[in-house]
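Below: one structure, written as structure tokens.
The values are calculated or read from the model by the stated rules, or taken from the named source; none is laboratory data. Because the structure is predicted, anything quoted here is derived from the model rather than measured. Backbone-built Cβ (ideal geometry, glycine too); neighbour counts: all protein chains shown. All accessible areas refer to the heavy atoms of the entire protein, side chains included, with ligands and DNA or RNA removed. Shrake-Rupley method; radii C 1.70, N 1.55, O 1.52, S 1.80 Å.
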Amino acid sequence: CHRCPHLPTRPYERSEKPCMLSEYVEQYPIHPVTPPRDSFKPKEVYKMAQIPMEGISTTKKDYIAHEVLPQRLKPPQKPIKSDDSMDLTSTYKQDYNSYPISQVPPCLPRVMRHIPSTKMDTISTYNDDYVLWNEPKTEMIRPDDRFHPSEEKFDLTTVVQDDYLYRGPVATQSCKPRNLQKSKTPFENITNYRVNYVPHSLEKPYVHKYEKYKVNEVPFDGLTTHKVSYKRLAGQPAKLAKPYQPKLLHDLPFSSTTEFQEKYQAWPQPPFTKEPDVYLPPLEKMDLHTTTQMHYKYPNGKPAKMCRSFLQLKKSTEPFNSSSMMKEDYKPWLCKRLKPITHAPELTFPAQPMDCLTTFQNHYVHHPLTVTKSYKPSWSGPKHNTLLDDKTVYATSYTPKAIVKCLASYKDPPGYVFEGSDADGHNLYLPASKSKCLQGDH
């Protein structure tokens, strides 16, 4: 196995990209890509003709429009009755004569079957063995709860109409006294809210007076809270913990040939050409007659004449009778549409308009907000004179290790003996200690 010379741990360079370094990339570096040369073929640029194009096409030149006259219709000829009788013979009856049909006797040998003269007993074993018993029919124990329709006429009323009768609007008596005498005493408009919740006089809101801006005479020191509190301590700069990785260079020249090019070489193939056959036209002329034209001829063929006579319908002077059995038997009844039963409205709406005000809007008056002061003490900031401990677990426990060179990069790896090559072309090496043990056993 070929191992990558990079270390598995990378504390300072973390990347998700895979390592592309291998033995093939080291031996076969990528050569610069040369762009293909331009084509010397002249470009096909459309050249416009300098002669102006005519607005006449081939259709306008060849096909000239003619005047189209209305088509004259021929008047229909009057039918003339002929006294000759119709010849009902056809070419089929003349050419194809009928022959007497004779039944073809069967070629199969006659099978003699023995048919018994006795009558067949059509009683089955089930009907013969299982005979019905002569027992009276048992009466059913179930009571006779069958539906018996009543003979009375249907009154066409529902249960709601029978039980819940409409008795009209209910006349309620007013509890208001009839003879109201106006008292001369004034109306006491004192309520619990006015007695318990006494309005207090509001103090005048505090108005903050803005002082005029005065320029500070003390010069600006340019110090911030961060610079005052967090002072920089004297310390050494951090050292890079990344191990040194020297580049591996090879002086071996690059081979431009591959194993496939050496083993599989192209065979010389001569160009194969085939001359096309010369076309020879036939010397005889083609007979354009078909079998139907040669054999099937109509010597006595005549077009069939129409024997149907034109019937002349006589117009009757009597008026058309539009009555039918449906109109006479099934006459419409004189039915009146029933009006829906509507009850009189019991609610009475007030004549005064609605004020659309809620109890919250009437009683709860808006008061101005009071500004509360914050009693939180001001933070002066921590002040520590202790030095920062810059020792971490990584700096103390993870020490740099030496770089181990991959054994596959050597031509002859030290400590190993070449044994042979595999069928796939891989070189096989064994440790020197194992190879000596194997030689001693032999």
Odd one out for Ile64 among (1) over 60 Å from the mean Cα position of the chain (by Cα); (2) part of a loop (DSSP other than H, G, I, E, B): (1)
Hits in the range 203-246 - residues which are aliphatic (A, V, I, L, M) and modelled with pLDDT under 85: Leu223, Val228, Leu233, Ala234, Ala238, Leu240, Ala241
Cross-chain or 6+ apart pairs with Cβ under 6 Å, the range 73-96 first and in contact (Cβ under 8 Å) with a residue 12 or more places away in the chain, then open to solvent by less than 100 Å² (accessible area, probe 1.4 Å): Met86/Cys307
Enumerated helices (runs of 4 or more DSSP H) restricted to the range 281-366, each holding at least 3 residues that are surrounded by 10 or more Cβ atoms within 10 Å (Cβ to Cβ) and either at pLDDT below 85 or not polar (S, T, N, Q) (or both): none
